[in-house]
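Where a number appears in this text, it was derived from the coordinates with a stated rule and is not lab data. Model, not experiment: these values are computed from the prediction. Glycine gets a Cβ as well: all are built from the backbone with ideal geometry, and neighbour counts include every protein chain shown.
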Amino acid sequence: MSKQWLGALGLLCCSHLVAGELVIESWRVDDKALWEQKIIPAFEKSHPGIKLTFHPVQNVSFMPTLQESLKAGKAGDLITCRPFDDSLALFKAGHLAELTEMAGMENFPSFAQSPWQTDSGAQTFCVPMASVIHGFFYNKGIFKDLGITPPQTREQFFAALDKVKADGRYVPLAMSGAESWVASELGFQNIGPNYWKGEDGRLALISGSERLDNAPYVQAFSELARWRPYLGEGAEQRDYAAANELFTSGKAAMYVAGSWEIAPFTGKVDFGVLRPPVAKAGDSCYFTDHTDIGMGMNTASKNKEEAMQFLQWLTTSEFAELYTNALPGFFSLSNHFFDVSNPAAREMMEWRDQCDSTIRVATQILSRGSPKLGDQLAEVSQQVLLGKLEPQAAAIQLESGLLSWYAPQRKGKKGAAACDCTAPAPAAAPSAAPSTAPVAQENAPAPATMAPAASAAATAASEEALSRELEQGATPQ
């Protein structure tokens, strides 16, 4: 299908084409009612003759199930896209249509499109939909009872935790110690951007000019280690659902949070939101606002025209406002302006005007080799949180793993954090990540690109390796 055809077809969004039935593949099982009761009816109202079915599977089973369906020719017309390598692998394997010149893509800034583009940025294959934001929730009633002002600096943050702990009635910080992705994504990658300066630090790792055993990463692990005394009894065995219950039942004062919990928590507990704390008042602030969900078209769809009409609709202000307000905590990636009705979601979205945003540090490029940085980061973050690994040793282990396969790191400067210990042997342990994640608009980072040290040929080889990995039955990071 030519780019010109795609662009021309985008202009037909309001015309009545041949009736069709479309199936959407997704990992967002929790959103089934939202799609069936709000999103699908809104689309079908303005596009009579096109019927939609939302077909979700559990998050951890999504990619394997989708791969089998694609190979068997049974996958749906529309595919919900994870950011970066999962979707890039699908595109390079020929399963996702190119959308580079689709009318409506101009409504998304370059940073929002980059998670669903080739490394060079030359081709786009999914429409950006939403991001999720990392931070903290706090129980307003407990804070009022104990006379705690919502903290902004690290000193204030730990003073608040100390006050809750001294009172003895509540767990200071609700968090799962049993699930490694929590320690990484809601721990290390939540507070870390204030140490490595957001996108500057993340892109420096990709270019090889910064290392994971340098001071900012050791310092972030050190702060994570300080959380341990505040997690309460049984934290090591506590799973994610139990941590949620601890906070929503009013037994915990603070909660390490992803914005995807705003909707399910609303009405259960009176909570506010907190940005990751900075070193001192007035410091520049950074937070993780992770591009999470896009939508692409299955190249094998028998209903391409109808599927293109739906993708075109996803670029409109109608969808941006509907999705953001119907699912508080998932934030539109478009340039459209609209009011956010949920107070907690509105406040989190306003962080974009106050701070610089970034994405999860291991997501782009750095998890393509073995060991995958994302897997290692989950493992060592959990060990640091539970007191089983020192912060400096954790940072050295990560850098050792990256050095073993990622060439730009070998050309980088020497690590600033000296250590007289031997880094543990790298070990990758896959972790189950949540079915969500972020973005920035007014203060959006520049689009991430492949490190300068990587040639166009190396980039192409890396992308082709992703598609081979997919076809062989593996799941890219």
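Label positions at residue 153 and residue 122, each projected 7 Å from the Cα along the C-beta direction, are separated by 5.1 nm.
With contacts taken as Cα pairs under 8 Å at a separation of at least 6 residues, the range 288-355 carries a relative contact order of 21 percent. For the range 215-315, a Kirkwood hydrodynamic radius built from all Cα pairs, placed in the Stokes-Einstein relation at 10 °C and 1.306 mPa s, yields a translational diffusion coefficient of 88 µm²/s. Maximal additional length on extending the residue 45-residue 283 stretch stands at 80.8 nm, based on 0.36 nm per residue less the C-alpha distance.
The alpha-carbon of residue 51 sits under 16 angstrom from the alpha-carbons of these aspartates and glutamates, leaving out residues fewer than 8 places away in its chain: 21, 25, 36, 77, 305, 306. On the basis of the beta-carbon distance and an R0 of 56 Å, residue 100 and residue 144 show a calculated FRET efficiency of 0.60. The label point for residue 162 and the one for residue 237, both projected 7 Å from the Cα toward the Cβ, are 3.2 nm apart.
For the residue pairs 140/280; 165/280; 71/302, the alpha carbons lie more than 18 Å apart in 140/280; 165/280.
Note on residue 339 and residue 110: with the Förster distance fixed at 22 Å, the Cβ-Cβ geometry gives a FRET efficiency of about 0.30. So what's the gap between the Cα centers of the range 138-162 and the range 340-416, to the nearest angstrom? Here the answer is 27 Å between Cα centres. Fully extending the segment from residue 302 to residue 410, taken as 0.36 nm per residue of separation minus the present Cα-Cα distance, adds 34.1 nm. Shape annotation for the range 61-208: C-alpha extents along the principal axes are 59, 34, 32 Å, from largest to smallest. Taking label points 7 Å from Cα along the Cα-to-Cβ direction, residue 200 and residue 317 give a separation of 3.6 nm.
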